[in-house]
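First the structure, in the form of structure tokens, and then the observations on it.
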């Protein structure tokens, strides 16, 4: 299966693994799964880090490096992804989450999230 992890799950995976649910850990540890992170998530992590650096034991560049070392594939943000946001219902207003939803829809990837509000959006979304 191909999974696009949302920003919170990526931060928890790389910085606070004890916060991951059992179902998220099972997906992340299954070697048969193709794990993907979005450039948008690194961008969001960088913004969060700049606002509260004391809350992060690692910098966003270290997080990205760790994800790549753990066989995550990086998905760039494309114009096609941005255009997929047109007409998206305003269930979730966070632009980063909306981008991840759009990327999942365009790429045919299941978006993994712990946010039940994101799961109300259309598209292939799995709450873990």
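Which helices (runs of 4 or more DSSP H) sit wholly inside the range 1-110 and have at least 2 residues that are buried (at least 19 other Cβ atoms within 10 Å of the Cβ) and in contact with a strand residue (DSSP E or B) (Cβ under 7 Å, 6 or more places away or on another chain)?
7-15, 22-29, 95-107
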| message | Cβ contacts < 9 Å: first residue at positive phi and assigned to a loop (DSSP other than H, G, I, E, B), restricted to the range 116-128; second residue modelled with pLDDT of 95 or more and surrounded by fewer than 16 Cβ atoms within 10 Å (Cβ to Cβ), any location; separation 6+ or different chain. Result? | response | none
| Among (1) within 14 Å of the chain's Cα centre (by Cα); (2) more than 20 Å from residue 126 (Cβ to Cβ), which single condition is residue 80 missing? | (1)
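Yes or no, residue by residue, for (1) farther than 12 Å from residue 4 by Cα; (2) touching a helix residue (DSSP H, G or I) at 6+ places or on another chain (Cβ under 8 Å):
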site	(1), (2)
45	yes, yes
56	yes, yes
60	yes, yes
63	yes, yes
73	no, no
109	no, yes
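The values are calculated or read from the model by the stated rules, or taken from the named source; none is laboratory data. The model shown is predicted, which means the values in this text are computed figures rather than measured ones. Quick reminder, even Gly has a Cβ in these numbers, built from the backbone with ideal geometry, and neighbours come from all protein chains shown.
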